[in-house]
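Asks: Following this message is one structure expressed as structure tokens.
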Amino acid sequence: MNFPAMNNGRQTQTAANSSSSAFSFISKGWREVRDSADADLRLMKDRANSFKNIAASFDREIENLINSATPTFTVPPIRQSSEIEFMKKLHPKISEFRRVYSAPEISRKVMEKCGPRANLGIDLSRIRSTIAAEVYGTMEEDMKGIIEFNKVRSEKLNEEGQFGEWEPIRVLKTRFREFEKKNSTVEIFAGFKNNEIVEKVKSSLEVPPLDVPELLAVLVRQSGLFLDQFGIRRNLCDKIVENLCSKRKNQLVLRSLVAGEPPAVDPDKINDELDLRIASVLQSTGHCSESGGSWTDFMKPDVTDGKRHVAIVTTASLPWMTGTAVNPLFRAAYLAKSEKQKVTLLVPWLCRSDQELVYPNNLTFCSPEEQENYIRDWLEERVGFKADFRISFYPGKFSRERRSIIPAGDTSQFIPSKDADIAILEEPEHLNWYHHGKRWTDKFNHVVGIVHTNYLEYIKREKNGALQAFFVKHINNLVIRAHCHKVLRLSAATQDMPKSVICNVHGVNPKFLKIGEKVAAERELGQQAFSKGAYFLGKMVWAKGYKELIDLLAKHKNDLDGFKLDVYGNGEDAHEVQSTAKRLDLNLNFQKGRDHADDSLHGYKVFINPSVSDVLCTATAEALAMGKFVVCADHPSNEFFSSFPNCLTYKSPEDFVAKVKEALANEPQPLTPEQRYNLSWEAATKRFIEYSELDRILNNEHSGTMIRKSNGKLIARSVSMPTLSEMVDGGIAFAHYCLTGNEFLRLCTGAIPGTRDYGRQHCKDLHLLPPQVESPIYGCYL
């Protein structure tokens, strides 16, 4: 057992041994003075008294400065125990120092060198620094005493005036200070009194700064939507802006008179002049902020290589044969074909366990490179050219409940900042339901969303579907407002969203158009092109039209006596669908799912698609491209196809029976070249570029953001001050970021556990840093 007293004794002994070692080391360095180390405090006092003798031998000029007082030295008491023994061991040759420094000529040289304010004393700094590590505790009080001694001595001297500042110099310095202070005060006062400084600064600037009326005019114009809530109409705001910009108004009137025109001033011209003023001022200051002000990212890339960068982000990938896997792939290929822009396709990467659930025929991939090769081979076989675009992967997880892939982590981080120019979000609501990361509109210059799926229709079929659909509808609207600049809806079957227009921007695989041309050529030669009747193809889930199909056939089984329908598809509801058809004794022949371009499907004449949950059925477009009849519902999702003569739409179950009989009894008409072109991906890409406003962006024509000066030069319009709508969108994005960062709220809304960040397996497969390293916990939302 260790006792404190014993420990203290050991520590004291250890400290003593260390001190002896230090003293022995120092004594070797001070061999010259070891014989006279017996004088301690008494010698220091004697040395202090010797200063008085030195003062007596000063020359007459020095004596006139210090003749007013004689310093009184007080030495603070120093402990007489171990410290005195320490000083004795040092044995300095103080007597020799005293004899040397007492000589008059030495004293005079020292005083001439040091000046009247010199502080003479014994410098023990070397000793202190040498022994501080070993015996700092024993020397600390000694050094404090010496420092206090010097401090008290300096204070005494300054109080008594013996070594004070020389009077002539002090007076001279005082007068210099007074002169400088008086001169600067008079100059500043005179400058502000006559407003000369402000005028000089303004005149020195190439572009004069905005004055107060112009700033107020900008504030009123930007607050138009806000003031409208208080009953202040737009025309009144325009008049206020016009009055505030009276100086600009007079200039416009003068220009009209010089040009011989009536002195009428258009409010739009005043607004353009104001925009020109703001843009000129900001350009002169080097300000280059993009739209959105404090809500935007100031690290947006500059396009310097002449090509824009387009990133296409989707929610599925081959070999899953779904619309969000196939159509974005064709879009990337045909956008890259024009070579006007660089294209990147970002698709989800699934771990091996999820691949086994999603991909058909037990097809799995060990690495992203292997899956990329599969995608490129499949694409080149169908388009007939080698598409020059990049394929990247982001972590994703498959949700069995939603039957879709949910992104894991921040998807936007997998597009480098240098390529973050234009983003195309396939299914933007799906991508951003649980998106906890960078706001897309902050990272990218232009963000276009393409709505593929009518999620509300699927949700209404679930338990408590109406209530769920209500919340999902508003969540989708908020997500779109926060993350998109423009939204394209493939048809009116989707929910109405902000910033959206309706346009079919999908085409069909060129392979189907070639099949259609082959069928037309055979018919011209008098050959029978179609040897089979009707078929249906689609993923075997109830929501994909199987419920409507079975209901129609069951209700009119007698009216369609002898009608046989071949059904191709795989899916989660396959067993239930087949058992229901068997129980109702329907004449349906179920086959495994296959590619629509398979040779075994070429001989069918009629494609039946009763689905009303699709937004734009790809299989319908492919059947029309192959020259077949299509029987489909009169529904907004089929509005694009209704203009084709081979598309037969029905409005009721009885009408369905009539259209089926009509299709079986007649031959489809060959497609015209114009109709074939409208189904092609070339036409779809052209429509996409037009309706998404990419034509102006890709041609560097920034509509609404550029102003042409009188000399023809284009400068950027000032949009650094966010509008009220942009501020609301920014607030929605921030709230969405905060809510999706809470794991409890994510789980309550149906998110897959652990999808806020990607997991360990994704790090291994995609060679990623752990999310804790990639996005530290102390990071914040910007």
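The values are calculated or read from the model by the stated rules, or taken from the named source; none is laboratory data. What you see is a predicted model, and the numbers here were worked out from it, not measured in a lab. Positions of Cβ are backbone-derived with ideal geometry, glycine not excepted, and every protein chain shown enters the neighbour counts. Surface areas here come from the heavy atoms of the whole protein model, side chains and all, with no ligands, DNA or RNA. Shrake-Rupley method; radii C 1.70, N 1.55, O 1.52, S 1.80 Å.
Asks: Which peptide among 498-511, 683-696, 375-388 comes first, and what is the full order, when sorted by highest mean count of other Cβ atoms within 10 Å?
Replies: Going by the mean number of other Cβ atoms within 10 Å, highest first, we get 498-511, 683-696, 375-388.
Asks: Assuming R0 = 35 Å, what is the FRET efficiency of Thr749 and Gln413, from their Cβ-Cβ distance, to the nearest 0.05?
Replies: Plugging the Cβ-Cβ distance into 1/(1 + (r/R0)^6) gives 0.95.
Asks: 5 Å is the cut-off here: which amide hydrogens, built 1.01 Å from N in the peptide plane, fall below it relative to Ile391, excluding neighbours closer than 5 in sequence?
Replies: Excluding prolines and chain starts, which carry no amide H, the hits are Leu345.
Asks: Quote the accessible area belonging to Met727 in square angstrom, nearest 10, computed with a 1.4 Å probe and with ligands, DNA and RNA left uncounted.
Replies: Ignoring ligands and nucleic acids, Met727 comes out at about 90 Å².
Asks: Sort 520-531, 622-633 for me by packing, meaning the mean count of neighbouring Cβ atoms within 10 Å per residue, highest on top.
Replies: Packing proxy ranking, top to bottom: 622-633, 520-531.
Asks: Measuring with a 1.4 Å probe in the full set of protein chains, what accessible area per residue, in whole Å², belongs to the range 510-679?
Replies: 46 Å²
Asks: Testing the spin-label approximation: label points 7 Å from Cα along Cα→Cβ at Glu370 and Lys661. State their distance in nm.
Replies: 5.5 nm
Asks: Using the basic label-point model (7 angstrom from Cα toward the beta carbon), what is the Glu339 to Asp695 distance in nanometres?
Replies: It works out to 2.3 nm between the two label points.
Asks: Convert each backbone phi in the range 587-596 into a coupling constant with the Karplus relation 6.51 cos²θ - 1.76 cosθ + 1.60 (shift: θ = phi - 60°), then list the ³J(HN,Hα) values in order as whole Hz, x for Gly and Pro.
Replies: 8, 10, 10, 8, 10, 5, x, 8, 5, 5
Asks: Right, here's the next one. Might you work out the accessible area of Phe744 for me, using a 1.4 Å probe with all protein chains in place, and round it to the nearest 10 Å²?
Replies: Rounded to the nearest 10, the figure is 140 Å².
Asks: Please compute the net charge surrounding Tyr434, taking Lys and Arg as +1 and Asp and Glu as -1 over other residues with Cβ under 10 Å from its Cβ.
Replies: Here the charged neighbours net out to +2.
Asks: Collect residues whose amide H, placed 1.01 Å from N in the peptide plane, falls under 5 Å from the amide H of Val567; neighbours closer than 5 in sequence don't count.
Replies: The answer is Phe536, Asn589, Phe590, Gln591.
Asks: If you don't mind, another one. For the range 643-653, in order, what is each residue's ³J(HN,Hα) by Karplus, 6.51 cos²θ - 1.76 cosθ + 1.60 with θ = phi - 60°, in whole Hz (x at glycine and Pro)?
Replies: 6, 8, x, 7, 9, 10, 9, 10, 10, 8, x
Asks: Further, regarding this structure: Which links in Lys397/Lys486; Lys418/Lys764; Lys582/Lys628; Lys518/Lys557; Lys592/Lys661 stretch past 32 Å when you go from one Cα to the other?
Replies: Going by Cα-Cα distance, Lys518/Lys557 fall outside the 32 Å limit.
Asks: May I ask you to rank Leu478, Leu350 by accessible area, largest first, using a 1.4 Å probe over the protein chains only?
Replies: The ordering from most to least exposed comes out as Leu478, Leu350.
Asks: Still on this model: Considering the zone a paramagnetic label at Val501 would reach in this model (a point 7 Å from Cα along the Cα-to-Cβ line), which residues of the range 672-687 have amide N under 16 Å from it?
Replies: In the range 672-687, the label zone of Val501 (backbone N under 16 Å from the point 7 Å along Cα→Cβ) covers 684-687.
Asks: Rounding to the nearest 20 debye, state how big the charge dipole of the range 510-679 is about its Cα centre with +1 on each Lys and Arg Cβ and -1 on each Asp and Glu Cβ.
Replies: Roughly 280 debye for the range 510-679.
Asks: Here's another thing I want to ask about it. For the range 499-514, in order, what is each residue's ³J(HN,Hα) by Karplus, 6.51 cos²θ - 1.76 cosθ + 1.60 with θ = phi - 60°, in whole Hz (x at glycine and Pro)?
Replies: For the range 499-514, the Karplus-derived couplings read 6, 10, 9, 9, 6, 7, 10, 10, x, 10, 4, x, 4, 5, 5, 5 Hz, x marking Gly and Pro.
Asks: Once you have the Cα-Cα distance between Glu517 and Ser399, take 0.36 nm times their residue separation minus that, and quote the gain in nm to one decimal.
Replies: 38.4 nm
Asks: Give me the accessible area of Phe470, 1.4 Å probe, in Å² rounded to the nearest 10.
Replies: 110 Å²
Asks: OK, next. Report the gain in length on full extension from Leu216 to Ala492: 0.36 nm times residue separation, minus Cα-Cα distance, nm rounded to one decimal.
Replies: Numbers: separation 276, 0.36 × 276 = 99.36 nm, distance 4.32 nm.
Stretched out fully, the Leu216 to Ala492 stretch lengthens by 95.0 nm.
Asks: If you take the charge dipole of the range 510-679 about its Cα centre, with +1 on Lys and Arg Cβ and -1 on Asp and Glu Cβ, which of Ser643, Cys617, Leu586 is farthest toward its positive end?
Replies: Leu586
Asks: Can you give me the % of accessible surface on the range 510-679 that is carbon or sulfur? Probe 1.4 Å, all protein chains present, nothing else counted.
Replies: 47 percent
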